[in-house]
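Encoded as structure tokens, the structure appears first; notes follow it.
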Amino acid sequence: MTTVQSGTHNFKVVLLGEGCVGKTSLLLRYIEDKYNDKHLTTLQATFLNKKLNINGKRINLSIWDTAGQEKFHALGPIYYRNSNGAILVYDITDEDSFGKVKNWVKELRKMLGSDIVLVIAGNKIDLEQDRTVPLEEAESYAVMVGARHFNTSAKMNQGVEELFLELTREMTERFEQNSQADVSRTSRVLVVEDEAPQQSSCCSGIRN
Amino acid sequence: LPELRLNAEPFALPDEVRSPPRASCYDNVHDLRPMSEQASDDGTVFSEPWDSSQWDGLLPPPNGQAYDNIMMRNMRQFMSGMKNYLVKHGEREFEKEVEKERLKLKPTEFLNLDAILEGVMHRLVVRPLRSKLYSLLASWHSADVRQLHSAIEKAQHATPLQLGIKESTKVPSTAVLAVISKHFLKMQEADSPLDKLENLLAAISVMFNAIRGERTLGADDLLPVLAWTVARCRLVCAELEAELMAGLLPAALLAGEGGYYLTALFSAVAVLKRLAPDPGPDSTTPWRRGSGESREVGVAVVRVALPDECRGSIRRVALPCRPGARARDLCRALAHAAHITNPQDYALFALHDGQETMLNENDCPQEVMSEKSGQNFILAYKRIDAKIAWPQQALLSYP
């Protein structure tokens, strides 16, 4: 669901992964820069908005959390439909959770093709000593399916900002490519692309 | 008065329901002006008095059972069209009224015309049609309602754990449930889908407040607790209300927070319905493919190629499909998804090694798919007369 309203790109991002991999913590860390929320200010982390500014473009992310339990897997399609991006989270100490990520990738590619930008997050790298998912395996898998791989720790605040930034950058790029492709197809005009400007960002979070 | 147009091409119903009285759902659009001129003093499009019988053109014919979504889409299109019309062309007193109101504004205030007009549309369009819409929804979803009803009965005896609620998560107390029930009741009573959504959000927010503890709640907590709450509040009409909101709210709203919690309500209904599986082949939920049952994604969701003739590009859409659904059901959903206004010119085709085979409207696409599984085979929805050279590259380039 990409809509451009008064120059703002609206992107829908869906958060997928097994129950205990830390999806909610990642989201909270990103939006509020908090890990263990003892402040009780936060009611929920199921749906969150984040506004950012990348290369002068205003972007609004709507982040949809999904239930990770296996019994809810079948509900996936009604959550990920019209998504521009998906964050697939696994726990590096839990091989099963990586298997679940593979299932999601397969399903998303089958259902949404290459329209959706995929990012894989190996979470809990603060528990590196208990790692059971080999890093090389995860990274080469990500390359194979055309997804970016990030090592994250919601607890130590590692890799989270980078992950969301890269996802947003790719979604914007994809969106612009698509609209350019549309223009060049309909009007048969040759579009000469400028060099990509240096990426810069400044982020400010708001919560809903 | 400028000509009132909603849609460049009038939307026509499929042949089977195109019974003599009306050729198209939009026939009334042409009637609209003369009718309103006759019925009113000031000759404006929106002049009173209007009664619901004058909206009959927006309604599907009485024998068409599956057209509640068509009706809601027509209503939505009409409301959006009217809003655009009023903003762009104005009406007799419309601009004057806006000016008058603007003079009253403080420097820090503004008029959100879109929001105001949306509310007006709900009053003028949704309210008069309310009872017709409900009876149509109820007849179309009668099997779903029955199923949810028996599921809710079963859920009364289920423990929170059985519904997937973590042991560490609280469930709302009886007192809290009473408050939530009130919001659910207001949701059902409200005419406007916007008011309905607001009451749904209020109910969910009360629920969140009641169950929050030390940690922040994610979707893992929300979904089962919402299912439990819907069951305890005996919200048998949950699905009808959700369908109504999803069908009538503007798309921009559905992409945001409201859309998220509406999706949560749909999922809670789906979770509950699993407690009372319906034996009938036709009334199963589109996303039912949970544990133990067929795991193939293809059973619940079908991918169809949609060639865009203007752009020469192929779009692929995935849509939920009930087991046993017919090609005509799929076509209807596809026409809706692709905003095709002349669905009678379109059909579903099976593409196999460059060969196109048109499916009959009673064919079951999923059966065709399972027969051909593993082969270079795909479904396409295209204009029957369109001559399309499909790409040589396998259309199924993804696992």
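Applying the selection to the stretch B:96-112, what residues are touching a Lys or Arg at 6+ places or on another chain (Cβ under 9 Å) and exposed (fewer than 10 other Cβ atoms within 10 Å of the Cβ)?
B:Phe110
When you go through A:Glu166, A:Glu162, A:Glu95, A:Glu173 one by one, which is the residue that is without any contact (Cβ under 8 Å) to a residue 12 or more places away in the chain and either hydroxyl-bearing (Ser, Thr, Tyr) or away from every other protein chain (no Cβ under 14 Å) (or both)?
Checking each option against the conditions leaves just A:Glu173.
Kindly list the number of the only condition in (1) more than 7 Å from chain B (Cβ to nearest Cβ); (2) touching a residue at least 60 places away in the same chain (Cβ under 8 Å) that fails for A:Tyr79.
Here A:Tyr79 meets the rest and fails (1).
From B:Ile204, B:Ile116, B:Ile180, grab the single residue that is in the same structural domain as B:Gly81 (by the TED database), out of contact with any strand residue (DSSP E or B) (no Cβ under 8 Å at 6 or more places or on another chain) and not small (Gly, Ala, Ser).
Residue meeting the stated conditions: B:Ile116.
Sort out which residues of the stretch B:183-215 are within 14 Å of chain A (Cβ to nearest Cβ) and either part of a loop (DSSP other than H, G, I, E, B) or small (Gly, Ala, Ser) (or both), and write them in order of number.
B:Ala202, B:Ala203, B:Ser205, B:Ala210, B:Arg212, B:Gly213, B:Glu214, B:Arg215
Quick check on the stretch B:216-225. Is at least one of its residues surrounded by fewer than 20 Cβ atoms within 10 Å (Cβ to Cβ), at pLDDT 85 or above and not in a loop (DSSP other than H, G, I, E, B)?
No, that holds for no residue.
Which residues, taken from the stretch B:216-233, are facing another protein chain (nearest Cβ under 9 Å), farther than 11 Å from B:Ala264 by Cβ and of a type in the set (A, V, I, L, M, F, W, C)?
B:Leu217
Can you tell me which residue among B:Gly247, B:Gly298, B:Gly292 is in a loop (DSSP other than H, G, I, E, B) and either modelled with pLDDT under 90 or more than 13 Å from chain A (Cβ to nearest Cβ) (or both)?
B:Gly292 is the lone residue from the list that is in a loop (DSSP other than H, G, I, E, B) and either modelled with pLDDT under 90 or more than 13 Å from chain A (Cβ to nearest Cβ) (or both).
Only one residue in A:Ser114, A:Ser62 is outside any helix (DSSP H, G or I) and either touching a Pro at 6+ places or on another chain (Cβ under 7 Å) or within 9 Å of chain B (Cβ to nearest Cβ) (or both), so which one is that?
A:Ser62
Can you tell me which residue is nearest to the other protein chains (Cβ to nearest Cβ) among those in the stretch B:252-263 that are among the hydrophobic types (A, V, I, L, M, F, W, C) and over 20 Å from B:Ala190 (Cα atoms)?
Only one residue tops the list, namely B:Ala255.
Cβ-Cβ below 8 Å, separation at least six or inter-chain, first residue in the stretch B:149-170 and on the phi > 0 side of the Ramachandran plot, second of a type in the set (Phe, Trp, Tyr): which pairs?
The qualifying pairs are B:Gly164/A:Phe72.
Scan the stretch A:110-142 for residues that are without any contact (Cβ under 8 Å) to a residue 60 or more places away in the chain and at positive phi and report the count.
1
Among the listed residues B:Arg322, B:Arg311, B:Arg315, which satisfies the condition of being crowded, with 19+ Cβ neighbours inside 10 Å and either within 14 Å of another protein chain (Cβ to nearest Cβ) or touching a residue at least 40 places away in the same chain (Cβ under 8 Å) (or both)?
B:Arg322
Just the residues that are of a type in the set (Val, Ile, Thr) and surrounded by 20 or more Cβ atoms within 10 Å (Cβ to Cβ), please, taken from the stretch A:85-101.
A:Ile87, A:Val89, A:Ile92, A:Val101 - these are the residues of the stretch A:85-101 that are of a type in the set (Val, Ile, Thr) and surrounded by 20 or more Cβ atoms within 10 Å (Cβ to Cβ).
So which of A:Ile54, A:Ile31 ends up being modelled with pLDDT under 90, surrounded by 17 or more Cβ atoms within 10 Å (Cβ to Cβ), away from chain B (no Cβ under 12 Å) and closer than 22 Å to A:Thr168 by Cβ?
After applying the criteria, what remains is A:Ile54.
The values are calculated or read from the model by the stated rules, or taken from the named source; none is laboratory data. Because the structure is predicted, anything quoted here is derived from the model rather than measured. As a convention, Cβ positions derive from the backbone with ideal geometry for all residues, glycine included, and neighbour counts pool all protein chains shown.
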